[in-house]
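The values are calculated or read from the model by the stated rules, or taken from the named source; none is laboratory data. In this text, all values refer to a predicted model and were calculated from it rather than measured experimentally. Ideal geometry is used to build each Cβ from the backbone, glycine not excepted, and the neighbour counts take in all protein chains shown.
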Amino acid sequence: MRILVLNHEFPPIGGGGGRAAESICQALAKRGHEIKVLTSHFKDLPREEQRDGYDIIRIPTLRTQPFRASFLSMVVYVLSGLWAGLRLVNLFRPDVIHVHFAVPAGALAWMLSRFTKVPYVLTAHLGDVPGGVPEKTGDWFRWIFPTTRWIWHDASARVAVSEYTRNLALKHYNEEVLVIPNGIDIDGDNSISIRVNSPPVIVFAGRFMEQKSPLQVIQTLNEIKDISWKCVMIGDGPLMSEVKHSIAELGLGDRFILTGWITPDEVMKQFGQSDILFMPSLSEGLPVVGVQALSKGLAIVASRIGGFVDLVHENQNGFLIEVGDKEGFKTRLQELLTNPSRLLSLRQASLNKAKSFEITQIAEQYEKIFEETLNSSKMN
């Protein structure tokens, strides 16, 4: 099958949605499908590239930041992508379009489908759903929401990466929405030898912005600084200077390591050297870092939001805390840091749970949807 993938962000730029799309492309390419990805260009990245058995085409979008897309860059992606997409459809002759994010790439998929009659399958990641990340997209949806109804309605199939994202979408769109979680390529024999570090290592991974609450990580751990622990914070963003200032002001410089942005392989390596994923986020779809944490057998302490509900079996492989409940986060972290055998038990449970997010299973589910979409389009 020939599949055209649309996403305004794709590694090495963008966040979890791009990484999720990359994993699906890799898995589908291994299964013999022909795949071309149309995404945003950034700085010195090659305009065209072959990677892991599929092709990447990058188009100019005026993007100025690697891990954050401005509204202007997303509009330009749609406009620039229309010309490039029409040419690509003519040359590649895709059987189906797989689009990640209803906004902005969904608009491009909708127009390409209208012009070429190639059906598209939509995957929503949360930020592209009204109310998903209100602190980031609330203002946009006040005036673009009416146009998004057509994007959802005309899709041949609609997928959400978590039950939370699906339920939120159903509040706004009267359409059938399936759930397929983000996946990951689990280590071959899944027989990772788990042991608790001394001192235990806590890891946070994400953009340093309000949505991810990196400052709360520091504030919470400061409350239990009498316990032995180390914390690695992976990422960067607008709050980086405040993060550095807070760590220095509290005298925690010897307890924290700030890595900045690192490659996906380096993230996985760090997860393999850690014990607990701590994510007090304000909102999440189905966080790729959460699935990655499961695959490395990390206990998870996170906000009771979005896809974390799908990743954490309460009291078995982690704990879910109400958003902003500093005392709750403190208590659960304290419990794990002072009880190595309990921490080890949760870590093993995470490793077992990871099996249900194996990317091969995820790819098979998408493959079935694409086949049904193709068969349906041939009948019409």
* Selected residue [farther than 30 Å from Arg255 by Cα and either within 22 Å of the chain's Cα centre (by Cα) or at pLDDT 95 or above (or both)] from Val203, Val177 -> Val177
* Of the residues that sit in the range 19-37 and are outside any helix (DSSP H, G or I) and not charged (D, E, K, R), which one is surrounded by the fewest Cβ atoms within 10 Å (Cβ to Cβ)? -> Gly32
* Structure fact -> Subset of the range 59-75, residues in a strand (DSSP E or B) and more than 18 Å from Ala20 (Cα to Cα), comes to Ile59, Gln65
* Asked: Residues in the range 59-80: is at least one in contact with a Phe, Trp or Tyr (Cβ under 7 Å, 6 or more places away or on another chain), within 26 Å of His153 (Cα to Cα) and of a type outside the set (Gly, Ala, Ser)?
  -> yes
* the range 335-380, residues that are among the charged types (D, E, K, R), part of a helix (DSSP H, G or I), within 20 Å of the chain's Cα centre (by Cα) and farther than 17 Å from Val159 by Cα -> Lys353, Lys355
* To do: Report yes if some residue within the range 127-142 is modelled with pLDDT under 75, under 28 Å from Ser303 (Cα atoms) and in contact with a Pro (Cβ under 6 Å, 6 or more places away or on another chain); otherwise report no.
  => yes
* Asked: Which one of these is touching a strand residue (DSSP E or B) at 6+ places or on another chain (Cβ under 6 Å), among the aliphatic types (A, V, I, L, M), surrounded by fewer than 24 Cβ atoms within 10 Å (Cβ to Cβ) and not assigned by TED's automatic domain parsing to the domain that holds Val161: Ile305, Ile300, Ile257, Ile276?
  -> Ile257
* Which one is modelled with the highest pLDDT among residues in the range 344-369 that are surrounded by 21 or more Cβ atoms within 10 Å (Cβ to Cβ) and in contact with a Pro (Cβ under 9 Å, 6 or more places away or on another chain)? -> Ile362
* Could you tell me which of the residues Pro46, Pro11 is at pLDDT below 95 and not small (Gly, Ala, Ser)? => Pro11
* Inside the range 193-283, counting only strands (runs of 3 or more DSSP E) that do not spill past its ends, which hold 2 or more residues that are touching a Gly at 6+ places or on another chain (Cβ under 6 Å) and touching a residue at least 24 places away in the same chain (Cβ under 8 Å)? -> none
* Asked: Just a yes or no: is a residue in the range 76-93 touching a residue at least 12 places away in the same chain (Cβ under 8 Å) and within 22 Å of the chain's Cα centre (by Cα)?
  -> yes
* **Which listed residue is touching a Pro at 6+ places or on another chain (Cβ under 6 Å) and in the same structural domain as Val99 (by TED's automatic domain parsing), from Ser156, Ser213** => Ser156
* Structure fact -> When Ser162 is run through (1) in contact with a strand residue (DSSP E or B) (Cβ under 8 Å, 6 or more places away or on another chain); (2) surrounded by fewer than 24 Cβ atoms within 10 Å (Cβ to Cβ); (3) not β-branched (Val, Ile, Thr), the failure sits at (2)
* Collect the residues in the range 38-58 that are within 21 Å of Ser73 (Cα to Cα) and assigned to a loop (DSSP other than H, G, I, E, B), keeping them in residue-number order. => His41, Phe42, Lys43, Asp44, Leu45, Pro46, Arg47
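Kindly establish whether Gly324 is modelled with pLDDT under 95, surrounded by fewer than 19 Cβ atoms within 10 Å (Cβ to Cβ) and not in a helix (DSSP H, G or I). Walk me through it before giving the result.
Numbers: modelled with pLDDT under 95: yes; surrounded by fewer than 19 Cβ atoms within 10 Å (Cβ to Cβ): yes; not in a helix (DSSP H, G or I): yes.
For Gly324, the condition - modelled with pLDDT under 95, surrounded by fewer than 19 Cβ atoms within 10 Å (Cβ to Cβ) and not in a helix (DSSP H, G or I) - is met.
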* Structure fact -> Per the filter on the range 211-248, residues within 23 Å of Ile305 (Cβ to Cβ), surrounded by fewer than 17 Cβ atoms within 10 Å (Cβ to Cβ) and acidic (Asp, Glu) are Glu223, Glu242
